[in-house]
Amino acid sequence: MDVVERCAELIRFDTTNRGGGDSEGEREAAEFVAAELSAAGVEPTLLERKPRRTNVIARVAGSDASLPPVLVQAHLDVVPAQAADWDVHPFSGELRDGYLWGRGAVDMKDMVAELLTVVTDWHAQGRQPRRDVVLAFVADEEDAGDYGAHWLVAEHPDLFRDCAAAIGESGGHTHRVDGIHFYPVGTAERGSSHLRLTARGRAGHGSRRNDENAVIRLVAAVQRLAEHRWPVRLIPSVQAYIERVGEALGVEVDLSDVDGTVARLGGAASLVESTIRNSTTPTALTAGYKVNVIPSTAEALIDTRVLPGGEAELLAGVDELIGPHVSRELINPQPGVQAPVDSPWFDAIADALRWADPAAVVVPYCLGGGTDAKAFARLGIPGYGFSPLWIPEGFDYRAMAHGVNERVPVEGLRFGTKVLDRFLSRC
């Protein structure tokens, strides 16, 4: 079985995660992963907090026991897909026109398949990595990680505690700009400080004047947050991205005018424009139960993303903007994380990518959202977004994750397998 066949098999397991504990479960996919590992001479451990929410942990022995292990983490769950919207069934794993189609093709059953192929090849060829490799195939990344990485870190930390670094999703893919092959590698992630706003006022009849209308108070607060332009806040990963991409493109970099500099990056701006500042994006409103009744409360949800180290500053600004009649509540806050940009780990990742693509320009970047790297960071493990994939010209990779007609280029899978093998064998 090659990497394409493995990825197709994984896609055919419906591991839909609807959130809030509502999931088809990862068990069948986890059992497939465990069987593949066992066939490659690696002993897997299956762990569940709840039946069917299955995680697989394994350790591949390296040749130098004095070196600390590297952790490779990948999730088995996927977001929902409406079959009626797709050109193929989202769990068909159909091969068509050089692409493998299906939910999870790039998020992230592609990397799961690549890892299994690397381990299988090591076994078949009598090879082993330089250092121990800890593999974590986890559940529930597409929700809160309560049945996956965050639970594992809380309840089984000894499985990972000696790991010196981790790699995971969202990085190492080709991003073409003006003929240059950029490969962004995640070295930071914005945190989430999602908010529930509650406005309170005086209930009453809709036909009468009411200067304490909770709905009006809420709408005004939400509008102030939506219209507020948070100040530029450069963290090391973002600054390094701007400087290195600007140099490669021959673009003037002026850090006193970050917005202007980002605008000059052209097609490379999309990977940085959301991470030069914090953001507060309204996503849900709830109020009232009858058209002629003014309710006493009204609520809003605000998708709030914050750069590492900026939580206190952001929340102070939110308090000022929402005003005295609106309270806020944090929903499952997770601080941002960052790993060193200039490190042997980043260098080893860059070396592996340049080995496979000599034209590669490897740059650090900050993810606008988040991954399970935040969970493992709680153990002091720096995480790098590195799930390598070759992307052909004109393919909109960023539209694939969580999108309709998600698919992965077959040659991209083969490229990713080679790069992971190179990195994990030598790092």
Can you tell me the FRET efficiency between Ala35 and Leu67 if r is taken as the Cβ-Cβ distance and R0 is 22 Å, rounded to the nearest 0.05? 0.15
For Ala165, distant residues with modelled amide H under 5 Å away: Leu71
Under 19 Å from a label point 7 Å along Cα→Cβ of Asp97: give me every residue in segment 393-427 with its amide N that close. 393-413
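Hey, got the dipole for segment 21-150? About the Cα centre, +1 on K and R Cβ, -1 on D and E Cβ, debye to the nearest 20? Walk me through the numbers before you get to the answer.
On the way: 12 positive and 24 negative charges, 120 e Å.
Using Cβ point charges on Lys, Arg, Asp and Glu, segment 21-150 gives about 580 debye.
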Base-10 log of normalised Debye intensity for segment 304-415 (one unit scatterer per alpha-carbon) at q = 0.24 Å⁻¹: -1.38
I need the calculated FRET efficiency for the pair Asn332 and Ala226, taking r as the beta carbon distance and R₀ as 25 Å, to the nearest 0.05. 0.70
For an R0 of 35 angstrom, estimate the FRET efficiency from the Cβ-Cβ distance between His89 and Ser296 and round to the nearest 0.05. 0.15
Using modelled backbone amide H atoms (1.01 Å from N, in-plane), which distant-in-sequence or interchain residues come within less than 5 Å of Val78's amide H? Thr15, Thr16, Asn17
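Need the full-extension length gain, Arg196 to Arg18, defined as separation in residues times 0.36 nm minus the C-alpha distance. One decimal, nm.
Additional length available on full extension: 62.0 nm.
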MRE, 222 nm, helices only [DSSP H, n ≥ 4, -39500 (n - 2.57), over the chain, to nearest 500]: -9000 deg cm²/dmol
Quick check: Cα centre of segment 181-229 to Cα centre of segment 287-328, how many Å? 4 Å
On Cα atoms only, tilt of 410-426 relative to the major axis of the chain in degrees: 70 degrees
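Let's see if you can work this out: charge +1 on each Lys and Arg Cβ, -1 on each Asp and Glu Cβ, no other charges. What is the dipole magnitude of the chain about its Cα centre, in debye to the nearest 20?
1040 debye
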Go through Gly385, Gly171, Gln239 and say which Cα lies farthest out towards the positive end of the charge dipole of the chain; charges sit on Cβ, +1 for Lys and Arg, -1 for Asp and Glu. Gln239
Out of all DSSP beta bridges in the chain, what portion is antiparallel? Express it as a percent rounded to 5. 70 percent
Carbon and sulfur: what percent of segment 1-120's accessible surface (1.4 Å probe)? 47 percent
Partner aspartates and glutamates for Lys290 [C-alpha distance under 20 Å; skip if fewer than 8 residues away on the same chain]: Asp211, Glu212, Glu299
List every residue whose amide H lies under 5 Å from the amide H of Leu367, counting only residues 5 or more places away in sequence or on a different chain, with H placed 1.01 Å from N in the peptide plane. Thr187, Ala188, Glu189, Arg190
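How much of the DSSP bridge set in segment 1-156 is antiparallel, in percent, rounded to the nearest 5?
Antiparallel: roughly 65 percent of the beta bridges in segment 1-156.
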Dimensionless Rg/Rh of the chain - Kirkwood Rh, Rg from C-alpha atoms: 1.01
Within the chain, what's the longest stretch lacking trypsin sites (Lys or Arg not before Pro) that sit in DSSP loops with no more than 12 other Cβ atoms inside 10 Å? 291-427
Proximal lysines to Lys109, defined as alpha-carbon separation beneath 17 angstrom and excluding residues fewer than eight positions away on the same chain: Lys418
Extreme residue, positive dipole direction of the chain, given options Ala298, Gly126, Leu95 (C-beta unit charges): Ala298
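The values are calculated or read from the model by the stated rules, or taken from the named source; none is laboratory data. Worth saying up front: this structure is predicted, and the values here are computed from it rather than measured. No Cβ is skipped: glycine too gets one built from the backbone with ideal geometry, and neighbour counts run over all protein chains shown. For the accessible areas, the whole protein counts, side chains as well, though only heavy atoms, and no ligand, DNA or RNA atoms are used. Shrake-Rupley method; radii C 1.70, N 1.55, O 1.52, S 1.80 Å.
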